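The structure is given below, and queries will be raised subsequently.
No value in this document is a laboratory result; all are computed from the given coordinates. Quick caveat: nothing in here was measured; it's all calculated off a predicted structure. Here the Cβ positions follow ideal geometry from the backbone for every residue, glycine too, while neighbour counts run over all protein chains shown.
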Amino acid sequence: MSRVALVTGGTRGIGAAISIALKAAGRTVVAVYAGNDEAAAAFKAEHGIQAYKFDVGDFNAAKDGLDRIVAEAGPIEILVNNAGITRDGTMLRMNRDMWDAVIDTNLGSCFNLCKLTFEGMRAAKFGRVVNIGSINGQAGQYGQVNYAAAKSGIHGFTKALAQEGARFGITVNAIAPGYVDTEMVRAVPGEVLKKIVAKIPVGRLGHAEDIARGVTFLTADDADFITGSTLSINGGQHMY
């Protein structure tokens, strides 16, 4: 029986590529999404991956959602915390709602999903957790104190939880993508995007599949000696 993998933010962008790659690797994949019903339905129809809608930043909603997933698909053995949002603004313009929304969704969801799956992984003596951080959590970014704080927090969260899981066969790693050719990045003004690409030594934006390959590698059964690591996939833009 194939291992069950849960991918948050798993029906669009990087998350969709991760879901598809894990299915191709023989996993039973379930994708969680927050709001775009049309995109989720199209993704499910095209790829045959079950999608569940709930707010991963809300612990009670996440618990109810996980209960449904486990009842229908089985215990979660592979968890990819990919869900993320932006609410950009300088400190002068940022309000507390913008801060809370990003922290709850991007970082709080990692706690929620790990809290709800960790005990089962520990009992099974197997688990793979991959948390999607960001180059901006490593280097910072103007106008993103909330996003940078949340993503930086993911890297510390990963290292701490890895120490708790190691003796139980649970690995916990992070991936820090650079700028990837997703809908979010394509919304950046053209002249700004050119300046970003000019700073990437390999000379291009990343592809969602670049990140997905990293997740597939870190979640393999035989990747059991890699834990507490952050894999930077950024084309050499930031060497950390």
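Need the list of aspartates and glutamates near Lys125 for cross-linking: C-alpha distance under 16 angstrom, and skip anything on the same chain fewer than eight residues off.
Of all the aspartates and glutamates, those that pass the test against Lys125 - Cα under 16 Å, at least 8 places apart if same chain - are Glu77, Glu164, Asp221, Asp222, Asp224.
If you don't mind, there's one more thing I want to ask. Using the alpha-carbon atoms, what tilt in degrees (0 to 90, nearest 10) does helix 37-47 show relative to the longest principal axis of the chain?
60
Relative contact order of region 2-141: what whole-number percent is it, with Cα pairs under 8 angstrom and at least 6 residues apart?
On the way: 213 pairs, mean separation 34.5, N = 140.
Relative contact order here is 25 percent.
Rounded to a whole number of µm²/s, how large is the Stokes-Einstein D of region 53-120 at 20 °C and 1.002 mPa s, given Rh as the Kirkwood radius over C-alpha pairs? If you can, show how the numbers build up before the last one.
Numbers: Rh = 13.0 Å.
In µm²/s, the coefficient rounds to 165.
Next up: Rounded if a/c is under 1.5, else prolate if a/b is larger than b/c, else oblate: which is the chain, with a ≥ b ≥ c the root eigenvalues of its Cα gyration tensor? Write down the numbers at each step before the final one.
Working: a/c = 1.44, a/b = 1.39, b/c = 1.04.
In terms of gyration-tensor shape, rounded.
I've got another one for you. On C-alpha positions alone, give me the angle between the axis of helix 109-124 and the longest principal axis of the chain, in degrees, nearest 10.
Roughly 30 degrees between the two axes.
What do you get for the angle between helix 145-165 and the principal long axis of the chain? Use alpha-carbon atoms, 0 to 90 degrees, nearest ten.
That works out to roughly 30 degrees.
Given R₀ = 30 Å, what would the calculated FRET efficiency be for Ile85 paired with Glu46, taking r from the Cβ atoms and rounding to 0.05?
0.80
Between rounded, prolate and oblate, where does region 106-188 land on the alpha carbon gyration tensor, with a ≥ b ≥ c its root eigenvalues, rounded for a/c under 1.5, else prolate if a/b exceeds b/c?
prolate
Only Lys, Arg, Asp and Glu count, each charged at its Cβ (+1, +1, -1, -1), so figure out the dipole size of region 1-141 about its Cα centre, rounded to 20 debye. Intermediate values should be presented prior to the final figure.
On the way: 15 positive and 14 negative charges, 95 e Å.
The calculated dipole for region 1-141 is roughly 460 debye.
Can you give the extra length, in nm with one decimal, that the chain gains between Arg167 and Leu92 once fully stretched, where that is 0.36 nm per residue apart less the Cα-Cα distance? Walk me through the numbers on the way to the answer.
On the way: separation 75, 0.36 × 75 = 27.00 nm, distance 4.55 nm.
Stretched out fully, the Arg167 to Leu92 stretch lengthens by 22.4 nm.
Considering only Phe168, Leu193, Ile233, whose Cα is most displaced toward the positive end of the charge dipole of region 158-240, charges sitting on Cβ of Lys, Arg (+1) and Asp, Glu (-1)?
The one lying farthest along the dipole's positive direction is Leu193.
Take the Cβ-Cβ distance between Val202 and Ile226 as r, set R0 to 22 Å, and report the resulting FRET efficiency rounded to the nearest 0.05. Spell out each step's value before the answer.
Numbers: r = 24 Å, r/R0 = 1.07.
It comes to 0.40.
Does anything in region 191-233 have its amide N under 12 Å from the 7 Å Cα→Cβ label point of Tyr240, and if so which residues?
230-233, by backbone N distance to the label point.
Report the residues of region 67-95 in range of a label on Tyr142: point 7 Å along Cα→C-beta, backbone N strictly under 17 Å from it.
Once the point is set 7 Å along Cα→Cβ of Tyr142, 88-94 turn out to lie under 17 Å by backbone N, inside region 67-95.
Would you mind working out the magnitude of the charge dipole of region 4-233 relative to its Cα centre, with +1 at each Lys and Arg C-beta and -1 at each Asp and Glu C-beta, to the nearest 20 Debye?
Numbers: 23 positive and 23 negative charges, 106 e Å.
Taking the Cα centre of region 4-233 as origin, the dipole is about 500 debye.
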